[in-house]
1. Which one of S96, S74 is buried (at least 17 other Cβ atoms within 10 Å of the Cβ) and touching a residue at least 40 places away in the same chain (Cβ under 8 Å)?
2. Can you name every residue in segment 1-26 that is part of a loop (DSSP other than H, G, I, E, B) and open to solvent by 20 Å² or more (accessible area, probe 1.4 Å)?
3. When only residues in segment 41-60 that are of a type outside the set (S, T, N, Q) and part of a loop (DSSP other than H, G, I, E, B) count, which is farthest from E169 (Cα to Cα)?
4. Give the number of residues within segment 166-206 that are touching a strand residue (DSSP E or B) at 6+ places or on another chain (Cβ under 7 Å), free of Cβ contacts under 8 Å to residues at least 24 places away in the same chain and of a type outside the set (V, I, T).
5. With the condition kept exactly as written, say whether any residue in segment 29-40 is of a type in the set (A, V, I, L, M) and part of a loop (DSSP other than H, G, I, E, B).
6. Regarding segment 232-242, can at least one residue be identified that is of a type outside the set (D, E), open to solvent by 40 Å² or more (accessible area, probe 1.4 Å) and either touching a Cys at 6+ places or on another chain (Cβ under 6 Å) or in a helix (DSSP H, G or I) (or both)?
7. Quick one: G236 ticks every box in (1) touching a Ser or Thr at 6+ places or on another chain (Cβ under 9 Å); (2) over 26 Å from F181 (Cβ atoms) bar one, so which box is it?
Amino acid sequence: MNTHDVVIIGGSLAGAACARELARRGVDAVALERDSFPRDKVCGGFISPGGVDCLDRLGVLDRVRAAGAVEVKSARIRAGARDLWMPFEKSGLGISRGALDAIVADHPGVKTGCHVHRVRREGDGFVVETGTGDIRCAVVIDAAGKLSRFTPRASTVEHVEQFGIQYFEPAGCGAVLEFSFSTGVYGGAVSVEGGRSNFCFLINREKLPEHLGKPGQLVTGPVAYERVPSGYIAIGDAAGMVDPFCGEGMRHALDSGMMAARIVARGIAARKSYEEVRWDCEREWLRRWERKRLVAAGLRRVMQYPALFAAGLPVAARSVLRELWA
């Protein structure tokens with residue numbers, strides 16, 4: 001049986017960032033990813049300025065730029081008859097999720113093609129059962145995404161109404177992040193590598209049949225914004241999904257992965273119990289992200305009233321963006 005200090009379930013952005021940061025801190029960690037990279041995934045393709053900083057701290061920003069990431073300097077937001085242009089104080093980046101995942105996961109600590117079947121407690125640690133054998137570890141981190149089997153979701157109606165749609169168009173849209181809001185649909189487009197635009201939208205359930213089976217379109221869902229706390233440290237969307245219109249999804253994945261790595265490394269050095277480390281991670285995640293998620297949840301509710309949302313857009317958009325991107 002193989003042994004590691006830490007096993008991360010999932011090797012996409014959050015899991016790979018966590019594995020990289022743990023390795024940098026001298027912790028024996030492995031991220032187990034079911035898929036191989038690059039792979040297609042529903043994603044907006046926009047990295048906020050804070051996410052760009054995360055990539056820099058991980059040491060992969062130069063590779064991301066070299067892969068063709070497009071600098072994004074402003075946003076255009078349309079809701080009803082309103083059309084608002086907003087310059088950014090710091091630039092973000094546009095890159096496809098397939099390209100970004102492949103770069104961040106290109107690390108010896110990320111093992112692809114490895115499916116996790118089950119996790120069980122054994123003594124003061126865990127045994128992770130995989131398709132290639134069991135792994136014993138002291139710490140398990142759930143980075144398996146918004147539909148993780150290991151961290152359950154709250155099953156309220158609000159959390160099962162929307163599905164994500166993503167596709168590419170052959171022409172770019174410049175250095176502008178395009179966003180539009182209408183009844184039952186919101187999302188936008190951003191230029192990515194290869195002279196393309198990445199389009200991504202959230203649609204209500206009743207519109208789903210219009211998109212199923214269309215060539216070149218990816219569909220995911222239902223979207224689950226909340227999760228029921230489980231017995232595992234959770235990062236990325238497994239910790240709780242950030243509303244896509246915030247533009248902070250990829251930053252949240254990277255930041256929460258790096259944050260958990262720092263806390264876990266300190267906990268291992270201090271010989272803390274798994275439960276103590278898990279609660280340390282939970283408290284820090286809440287401190288960093290819960291206010292932003294509450295602001296986003298409030299906006300999501302206002303969007304149910306399109307006229308009200310459009311009327312408030314010119315007044316509130318800049319202050320809300322500063323709050324979300326702080």
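The values are calculated or read from the model by the stated rules, or taken from the named source; none is laboratory data. Just so it is clear, the structure is predicted and the values come from calculations on it, not from any experiment. Virtual Cβ from ideal backbone geometry, glycine too; neighbours counted across all protein chains shown. These area figures cover heavy atoms from the full protein model, side chains too; ligands, DNA and RNA do not enter into them. Shrake-Rupley method; radii C 1.70, N 1.55, O 1.52, S 1.80 Å.
1. On inspection, the qualifying residue turns out to be S96.
2. Those that are part of a loop (DSSP other than H, G, I, E, B) and open to solvent by 20 Å² or more (accessible area, probe 1.4 Å): M1, R25, G26.
3. G59
4. Qualifying residue count, segment 166-206: 3.
5. No, there is no match, as no residue in segment 29-40 is of a type in the set (A, V, I, L, M) and part of a loop (DSSP other than H, G, I, E, B).
6. No, there is no match, as no residue in segment 232-242 is of a type outside the set (D, E), open to solvent by 40 Å² or more (accessible area, probe 1.4 Å) and either touching a Cys at 6+ places or on another chain (Cβ under 6 Å) or in a helix (DSSP H, G or I) (or both).
7. Just one mismatch for G236, condition (2).
For every residue, the table says whether it meets (1) among the β-branched types (V, I, T); (2) open to solvent by 50 Å² or more (accessible area, probe 1.4 Å); (3) part of a loop (DSSP other than H, G, I, E, B); (4) more than 21 Å from F150 (Cβ to Cβ).
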{"site": "L202", "(1), (2), (3), (4)": "no, no, no, yes"}
{"site": "A253", "(1), (2), (3), (4)": "no, no, no, no"}
{"site": "S256", "(1), (2), (3), (4)": "no, no, no, no"}
{"site": "E276", "(1), (2), (3), (4)": "no, yes, no, no"}
{"site": "R287", "(1), (2), (3), (4)": "no, yes, no, yes"}
